[in-house]
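Below: the structure, in C-alpha cells.
None of the figures in this text is laboratory data; all of them are computed from the coordinates on show. Everything quoted here is computed from the prediction, not taken from an experiment. Every residue, glycine as well, gets a Cβ built from its backbone with ideal geometry; the counts of neighbours run over all protein chains shown.
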Amino acid sequence: MQTNFTAEQLADPHVATSETILRKCVHCGFCTATCPTYVTLGNELDSPRGRIYLIKDMLENGRPADEQVVTHIDRCLSCLSCMTTCPSGVDYMHLVDHARMHIENTYRRPFWDRLTRNLLAAVLPYPRRFRLALRAAALGRPFAGVFKRVKGLEPFAAMLALAPRHVPKPSPSARPGTHPATGAKRGRVAILSGCAQPVLKPEINDATIRLLTRLGVEVVAPAGEVCCGSLVHHMGREEQALEAARRNVDVWLREVEHGGLDAIIITASGCGTTIKDYGFMLRLDPAYAEKAARVSVLAKDVTEYLATLDLPQQETKRVTVTYHSACSMQHGQKITTLPKTLLKNAGFIVRDPAEGHLCCGSAGTYNIMQPEISEKLKARKVKNLEATKPDVIATGNIGCITQIATGTEVPILHTVELLDWAYGGVKPAGLA
Ligand code: SF4
Ligand code: SF4
C-alpha cells in the first residue's frame with residue numbers, strides 16, 4: 001500500500017512503525033474471511049482491511065480520531081485472527097495498538113463510555129478492588145435489566161451478567177513466596193500471579209504450582225509484581241501500561257539476578273501475549289528496552305514450559321476434552337498444537353471444534369464494552385463446542401473461561417488443571 005507521510009510525521013517513531021506496517025498491506029482482503037466482526041456484521045469497515053484504511057487516513061492526515069474511526073476500532077477484538085491469515089505479514093497488532101493510543105490522546109468519549117473505561121482501568125488490574133467489586137455486584141444484580149435497556153449503561157448490565165455469584169477465597173498461591181521443588185530440583189521459574197485470574201479462579205495457579213513442584217521445578221511468586229498492563233494497553237492508555245511493564249521487568253530481573261530463572265510462567269494467554277511484547281512496548285525507553293526484551297524472551301505459556309519437561313504418556317482416561325484455543329494463544333503467541341499434544345499424552349481424548357479460529361467474544365473487556373457483538377460470538381462458539389459432545393472444555397485463558405461458562409452447562413477448565421490431575425494431582429472441582 002502506498003503511503004504519503006511527510007518527513008516530519010515520520011520523525012515520530014510510532015508513526016514510522018505504523019507506516020512500515022501499512023506499506024506491507026496489499027489490500028487483498030484475505031483477512032476479511034477470518035475476522036469475527038466482519039463475519040458477524042458484514043461491513044467492510046469492521047474488517048481488518050477496512051480498519052487499516054481508516055487508520056491510514058487518520059494518521060496520514062494527522063487528524064484527531066473521529067466518531068467513525070472510534071466506532072470501528074472499538075469493535076475490533078484484537079483477536080489477531082487477521083494476522084494468522086494475512087499472506088503479507090501485516091503486523092496489525094502494533095498498528096491497532098497505535099490507533100488506540102491515538103484515539104485515547106485525541107478523542108473525547110461520551111460521558112458513560114469515559115466513566116465505564118475509567119472504572120474498569122481503576123478496578124480490574126487490582127485484585128483487592130476487583131474482589132470488592134464482585135461482591136458489590138450482588139447488590140447491583142436486580143438492576144441489570146434496567147441497565148440493559150438504557151443507552152450507555154449496557155456495559156454495566158454486561159458486567160453484572162459476567163460477575164460470578166460465588167467469589168472464591170484468596171489462595172495462598174497468590175501471595176509472594178517460594179514453592180520448593182519436590183525431590184531433585186530440575187529448574188526454577190517465576191509465576192505471574194495476575195490480577196483478575198487469582199480472584200476468579202485461584203485453582204489455576206494452584207494447579208500449576210502443584211504440577212510444577214511435583215515435576216521438580218521450584219516456583220517463585222515474586223513480591224512487587226503488578227497486573228501485566230494488557231487491559232489498559234488495549235484501551236490505548238499507554239503510559240499506564242508501560243508503567244506496569246517497567247515494574248514487572250524490575251521484579252523479574254531481580255529474581256533472575258538472585259536465584260536465576262528458566263522462565264516466567266504465564267497461565268493466562270492474554271497476559272502472555274502482552275508480556276512477550278514488552279520488548280516492543282518499551283523499545284523507545286533507553287533505560288528499559290534491553291531489560292524488557294530479556295523478559296519477553298523468558299516469558300512462556302505454562303504449556304510451552306511443560307512441553308520441555310518430557311512428561312510421560314499416561315493411560316487413557318475416557319474423558320473427552322474439547323480444546324478451545326484462545327485467540328491470544330493461537331494468533332497472539334502462535335501456540336496451536338502444544339496444549340492438545342500435552343492433553344493427549346496425559347490420556348485425554350481431545351477434540352477440536354469447528355471454526356476454532358473465531359473469537360469467543362471475551363477479548364479482555366470487549367464482552368463488557370461491546371456486549372451485543374460479544375453475545376453473538378459467544379453463542380456461535382458455544383454451539384460449535386457443544387457439537388463435539390465433550391465431557392469438559394479446556395482452554396488457556398481466564399477471559400475465555402469466564403465468557404464461555406456463561407453460555408454452557410459443560411464444565412470448562414484451564415488446560416493445566418487437567419494436566420495436574422493426570423499427573424498425580426487432585427481431580428478438578430469443576431468435574432463431576
Ligand atoms: S490479508 Fe494482509 S495484505 Fe491482505 S488486506 Fe488483509 S492485512 Fe492487507
Ligand atoms: S484483530 Fe480480530 S477483530 Fe480485529 S480486525 Fe483483526 S481479525 Fe478482525
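Cβ-Cβ contacts under 6 Å between residues 6 or more apart (or on different chains), taken from a first residue in region 100-118 that is closer than 17 Å to L231 by Cα to a second residue that is of a type in the set (D, E, K, R) and in a helix (DSSP H, G or I), are listed as M101/E238.
When residues of region 74-93 are filtered for being within 15 Å of T274 (Cα to Cα) and more than 13 Å from ligand 1 (Cβ to nearest atom), how many remain? Total satisfying the criteria: 3. Counting only helices (runs of 4 or more DSSP H) wholly contained in region 26-138, the ones carrying 2 or more residues that are within 16 Å of ligand 2 (Cβ to nearest atom) occupy 36-41, 48-60, 67-74, 81-85, 92-106. Scanning region 377-405 for residues that are within 19 Å of A144 (Cβ to Cβ) and either part of a loop (DSSP other than H, G, I, E, B) or out of contact with any Lys or Arg (no Cβ under 7 Å at 6 or more places or on another chain) (or both) yields a total of 4.
Residues of region 399-419 that are within 25 Å of S230 (Cβ to Cβ) and among the charged types (D, E, K, R): E417 alone.
Condition check ((1) assigned to a helix (DSSP H, G or I); (2) of a type in the set (S, T, N, Q); (3) touching a residue at least 24 places away in the same chain (Cβ under 8 Å)) across all residues:
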{"position": "R283", "(1), (2), (3)": "no, no, no"}
{"position": "S296", "(1), (2), (3)": "yes, yes, no"}
{"position": "E304", "(1), (2), (3)": "yes, no, yes"}
{"position": "T308", "(1), (2), (3)": "yes, yes, no"}
{"position": "Q313", "(1), (2), (3)": "no, yes, yes"}
{"position": "R318", "(1), (2), (3)": "no, no, yes"}
{"position": "I335", "(1), (2), (3)": "no, no, yes"}
{"position": "L343", "(1), (2), (3)": "yes, no, yes"}
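Of everything in region 14-65 that is within 15 Å of ligand 1 (Cβ to nearest atom) and of a type in the set (G, A, S), the residue that is surrounded by the most Cβ atoms within 10 Å (Cβ to Cβ) is S18.
Do we find a residue being of a type outside the set (S, T, Y) and assigned to a strand (DSSP E or B) anywhere in region 171-182? Within region 171-182, one or more residues are of a type outside the set (S, T, Y) and assigned to a strand (DSSP E or B).
Between S81, S88, the distinction of being in contact with a helix residue (DSSP H, G or I) (Cβ under 8 Å, 6 or more places away or on another chain), of a type outside the set (A, V, I, L, M), touching a residue at least 12 places away in the same chain (Cβ under 8 Å) and surrounded by fewer than 15 Cβ atoms within 10 Å (Cβ to Cβ) belongs to S88 only. When region 130-164 is filtered for residues that are of a type outside the set (A, V, I, L, M) and within 20 Å of the chain's Cα centre (by Cα), the ones remaining, listed by number, are F130, R131, P155, P164.
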